[in-house]
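Below: one structure, written as structure tokens.
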Amino acid sequence: MGYSKFLVFLTAIICIKGLTGCSSLKVNQSEVGQGWSGNSVNTVIFRNSAITTHKNVQFTAYYDNDGYMILAKRQHGQKVWQVAKTQYKGNIKDAHNDISIAVDVSGYLHVSWDHHDTRLRYARGTEPLGLILDDEQSMVGDNELKVTYPEFHNLPRGRLLFCYRSGASGRGNMVINSYDVATQKWTRLQDNLLNGENVRSAYWQMCIDANSNIHLSWVWRESWDVADNHDICYAISKDGGVSWERSNGDKYNLPITMATAEIAWEIPKNSSLINQTSMTVDADNNPYIANYWNDRDKPQYKVVYLKEGKWNLKDTDFRQGSFSLGGGGTKSIPISRPEILINKSTLYLLYRDSERDNKITLASTNINKNNWELLDLTNQSVGQWEPNYDKEWWAQQKQLHIFSQKVTQVDGEGVKDVLPEPVTVIEAKNLPKQ
């Protein structure tokens, strides 16, 4: 095990026109270690999560330059990270093969890694709050041979969910497992929640509200080509993932198919609609879905949200450049997929844009208006980084801790021969409020 140095990155006192007074934004950065940067596998948005907190202990994970999975932790407020190199490696040359982590209510770390239509890889910590992993194990045993996009989700009352795609691009289904801390066993909740009917796949995002409701949204795709993405759909579960409803309370007959799915916002193919973005809820547990697509002359970030039983669209207009999204493999795109956050009356989008020199940017607006203000959180480029933040710490403290690394992504699953780059955690406090 080793320890990293703590770097003061940026501290700023900033007043922004349109905000309610001055925001004393404070941004610090701590270095965890050196990570592989030849593609974006350490920073893809669908990791969920790259960084998480249990009580007052924060955990993160990444691949080093040799492909070994590295785990790290610290106490909040401390200036150093405790770092452990695990016995496990991943295929770092495929940016799909990310690491997803979670900590259960007993303090055990759960890790899943190295998937792209391949067998399930999963391990659990050997002791509470520990960084040493036990042997690899299966979860349920069925539908674990062609796994992609694994992700953990903590439910407020202690259960842990694990979701993944079983199958392949254009012909995959959504699987959900549930973990019981008392028995330390996984059981299958859904073998095929979003049914691609062997001709399409759903690319989803999920969030859990304070009442333990599970909000799920997705786009459909009929092939390997990202240009085929279309429509944003929605479902909610109020019983931990067993049964699912539309936003009006009507029950779904499972599995959900393209013909039965509730369409929150219709978007045709060839709209540069991106997949696998993010969701959150407001104080009334209304879902907000962040995405981008092109409905005029260039892709813009957009938010689809539910209010008083009706789906609405909050648009942005702060991008100037145009691009067309298409093709297969991990793409090199001028902008990142967005993360979305809400704190009382303020809505935030966290993203990266080549028009802003690929810095990490936070856009904010009043939740009932459309007066977007942009603020860069870094003064250097992060390359092809995509956002991933500590959702547990945000829920507890409304402090934004961001997993960050400068990475390169060659279009179509390419790899670039570059030196490793520091893996860091950026801490932003006193965010602007509107």
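Suppose R0 equals 35 Å; then what is the FRET efficiency for ALA283 and LEU145 from their Cβ-Cβ distance, rounded to the nearest 0.05?
Numbers: r = 42 Å, r/R0 = 1.21.
The computed FRET efficiency comes out at 0.25.
What percent do you get for the relative contact order of the range 312-409 when only Cα pairs under 8 Å and 6+ apart count?
Working: 168 pairs, mean separation 21.1, N = 98.
Once normalised by length, the contact order is 22 percent.
With a probe of 1.4 Å, find how much accessible area the range 345-434 has per residue, and write the answer as a whole number in Å². Numbers along the way, then the final one.
Working: 3320 Å² over 90 residues.
Computed with neighbouring chains in place, this is 37 Å² per residue.
Expected output is a single nm value to one decimal: the length gained when fully extending between SER345 and GLU308, i.e. 0.36 nm times separation in residues minus the C-alpha distance. What is it? Spell out each step's value before the answer.
Values: separation 37, 0.36 × 37 = 13.32 nm, distance 1.67 nm.
The span from SER345 to GLU308 would gain 11.6 nm if fully extended.
Counting only Cα, what are the radius of gyration and maximum Cα-Cα distance Dmax of the chain, in Å?
According to the Cα coordinates of the chain, Rg and Dmax are 20.1, 56 Å.
Under the Karplus relation 6.51 cos²θ - 1.76 cosθ + 1.60, θ = phi - 60°, what is the ordered set of whole-Hz ³J(HN,Hα) values for the range 390-395, x standing for Gly and Pro?
For the range 390-395, the Karplus-derived couplings read 7, 5, 5, 5, 4, 5 Hz, x marking Gly and Pro.
At 1.4 Å probe radius, can you tell me the per residue accessible area of the range 237-324 in Å²? If you can, show how the numbers build up before the last one.
Details: 4030 Å² over 88 residues.
Value returned for the range 237-324: 46 Å² of accessible area per residue.
For ASN248 and GLN320 in one chain, what is 0.36 nm times their gap in residues minus the Cα-Cα distance, to one decimal in nm? Before the final figure, lay out the partial values.
On the way: separation 72, 0.36 × 72 = 25.92 nm, distance 3.70 nm.
Fully extending the segment from ASN248 to GLN320 adds 22.2 nm.
Calculate what fraction, in whole %, of the accessible area of the chain sits on carbon and sulfur atoms when a 1.4 Å probe is rolled over the protein chains. Write down the numbers at each step before the final one.
Values: 7450 of 16570 Å².
Carbon-and-sulfur percentage of accessible area, whole number: 45.
What nm value, rounded to one decimal, do you get for the distance between SER138 and LYS238 when each label is placed 7 Å out toward the C-beta?
3.6
Along the principal axes of its C-alpha atoms, what lengths does the range 383-434 span, in descending order and rounded to whole Å?
Sorted from largest, the Cα extents of the range 383-434 read 40, 21, 19 Å.
Taking 0.36 nm per residue of sequence separation and subtracting the Cα-Cα distance, how much length would be gained by fully extending the chain between GLU127 and ASN198, in nm to one decimal? Numbers along the way, then the final one.
Working: separation 71, 0.36 × 71 = 25.56 nm, distance 4.10 nm.
Gain in length upon complete extension: 21.5 nm.
Counting alpha carbon pairs within less than 8 Å and at least 6 residues apart, what relative contact order, in whole percent, applies to the chain?
Working: 1244 pairs, mean separation 69.4, N = 434.
Across the chain, relative contact order equals 16 percent.
May I ask you to work out the translational diffusion coefficient for the range 168-293 at 20 °C, viscosity 1.002 mPa s, via Stokes-Einstein with Rh from the Kirkwood sum over Cα pairs, reported in whole µm²/s?
142
Enumerate the amide H contacts of VAL181 below 5 Å, restricted to partners 5 or more residues apart or on another chain; note that Pro and chain-start residues carry no placed amide H.
none
Which is the longest run of the chain containing none of the chymotrypsin sites (Phe, Trp or Tyr not before Pro) found in DSSP loop states (not H, G, I, E, B) with at most 16 other C-beta atoms within 10 Å?
Values: sites that count: TRP224, PHE318, PHE323.
No qualifying site falls inside 1-223, the longest such stretch.
Divide, for the range 268-364, the radius of gyration over alpha carbons by 2.2 N^0.38 Å, where N is the residue count.
Numbers: Rg = 13.7 Å, N = 97, 2.2 N^0.38 = 12.5 Å.
Computed over Cα atoms of the range 268-364, the ratio equals 1.09.
Any idea which of LEU431, LEU377, GLY327 is furthest toward the positive side of the dipole for the range 294-434, if Lys and Arg beta-carbons carry +1 and Asp and Glu beta-carbons -1?
LEU431
I need the shape label for the range 365-407. Rule: rounded when a/c is under 1.5, else prolate if a/b > b/c, else oblate, with a, b, c from the alpha carbon gyration tensor.
Oblate, since a/c reaches 1.5 and b/c is not below a/b.
Given contacts defined as C-alpha pairs under 8 Å and at least six residues apart, what's the relative contact order of the range 249-315, whole-number percent?
Working: 82 pairs, mean separation 14.4, N = 67.
Relative contact order of the range 249-315: 21 percent.
Taking every DSSP beta bridge that has both residues in the chain, what percent is antiparallel when rounded to the nearest 5? Each step should come with its number before you reach the end.
Values: 122 of 124 bridges.
Around 100 percent antiparallel, to the nearest 5.
Please state the charge dipole magnitude for the range 64-218, taken about the Cα centre, from unit charges on C-beta atoms (+1 on K and R, -1 on D and E), reported in debye and rounded to the nearest 20.
On the way: 17 positive and 18 negative charges, 48 e Å.
It comes to approximately 240 debye.
If you keep only loop residues by DSSP, which trypsin sites (Lys or Arg not before Pro) in the range 273-320 have at most 10 other Cβ atoms within 10 Å of their Cβ? Show your work: numbers first, answer last.
On the way: sites: ARG296, LYS302, LYS307, LYS310, LYS314, ARG319; in loops: ARG296, ARG319.
Of the trypsin sites (Lys or Arg not before Pro), the ones in loops of the range 273-320 whose Cβ has at most 10 other Cβ atoms within 10 Å are ARG296.
Checking a compactness column here: for the range 169-223, what do you get for Rg(Cα) / (2.2 N^0.38 Å), N being the number of residues? Numbers along the way, then the final one.
Working: Rg = 13.5 Å, N = 55, 2.2 N^0.38 = 10.1 Å.
Dividing the Cα Rg of the range 169-223 by 2.2 N^0.38 Å gives 1.34.
Spin-label point model (7 Å from Cα, Cβ direction): what's the LYS359 to ALA168 distance in nm?
Result for the modelled spin labels: 4.4 nm.
The values are calculated or read from the model by the stated rules, or taken from the named source; none is laboratory data. From a predicted model like this one, the values you see are computed outputs, not experimental measurements. Positions of Cβ are backbone-derived with ideal geometry, glycine not excepted, and every protein chain shown enters the neighbour counts. Quick note on the areas: whole protein, heavy atoms, side chains included, nothing else; ligands and nucleic acids left out. Shrake-Rupley method; radii C 1.70, N 1.55, O 1.52, S 1.80 Å.
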